[in-house]
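Peer 1: Here you go, one structure.
Derivation of every value follows stated rules applied to the coordinates shown; laboratory data play no part. Everything numeric here is computed off the predicted structure, so don't read it as measured data. Glycine gets a Cβ as well: all are built from the backbone with ideal geometry, and neighbour counts include every protein chain shown.
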């Protein structure tokens, strides 16, 4: 397994779909890629930069993001996020991040990820989760998930989290 080192790069790509629009999140009339979806894509690019270097039994969690959303991107557009590891301080990793549509840079900023033990993370989440909903880590699939899906109003029960 390679070591985490300054300069590692990662990408994430998507095509803007209806559920990615700002209008779907309540910004009526804004039929463009939402900022929160840009943030998610940038964070995934950062994780992709180090995915082959994270030690077994560990995962990264996002702890900070600062971006400027520079330009609107319409439905159907291709978007690419790029991340470059620029700093390491113990378990904290800092990335420069940027996103581009087919015409221009649409966002730029910084993302911070923290390396944490999966079992410790699961134990802390389990304390906040009703006991009938056990959490599990499937490291072979690279995901943290619940064994059952419940209400969409509860993020930890509904989502699959990349490790």
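Peer 1: Looking at region 64-90 only, could you name the residues that are over 21 Å from residue 33 (Cα atoms) and either out of contact with any strand residue (DSSP E or B) (no Cβ under 7 Å at 6 or more places or on another chain) or surrounded by 13 or more Cβ atoms within 10 Å (Cβ to Cβ) (or both)?
Peer 2: Once the filter is applied, which keeps residues that are over 21 Å from residue 33 (Cα atoms) and either out of contact with any strand residue (DSSP E or B) (no Cβ under 7 Å at 6 or more places or on another chain) or surrounded by 13 or more Cβ atoms within 10 Å (Cβ to Cβ) (or both), region 64-90 yields 84, 85, 86, 88, 89, 90.
Peer 1: I'd like to check something: does region 63-75 contain any residue that is out of contact with any helix residue (DSSP H, G or I) (no Cβ under 7 Å at 6 or more places or on another chain) and in contact (Cβ under 8 Å) with a residue 60 or more places away in the chain?
Peer 2: For region 63-75, residues out of contact with any helix residue (DSSP H, G or I) (no Cβ under 7 Å at 6 or more places or on another chain) and in contact (Cβ under 8 Å) with a residue 60 or more places away in the chain: absent.
Peer 1: Taking the condition of being over 8 Å from residue 75 (Cβ atoms), in a helix (DSSP H, G or I) and out of contact with any strand residue (DSSP E or B) (no Cβ under 7 Å at 6 or more places or on another chain), how many residues in region 15-38 meet it?
Peer 2: 6
Peer 1: Of these, 43, 56, which one is touching a strand residue (DSSP E or B) at 6+ places or on another chain (Cβ under 8 Å), touching a residue at least 40 places away in the same chain (Cβ under 8 Å), under 23 Å from residue 122 (Cα atoms) and not in a strand (DSSP E or B)?
Peer 2: One residue alone meets the criteria, 43.
Peer 1: If you scan region 91-123, which residues turn out to be assigned to a loop (DSSP other than H, G, I, E, B) and either surrounded by 18 or more Cβ atoms within 10 Å (Cβ to Cβ) or within 17 Å of the chain's Cα centre (by Cα) (or both)?
Peer 2: Matches in region 91-123: 101 only.
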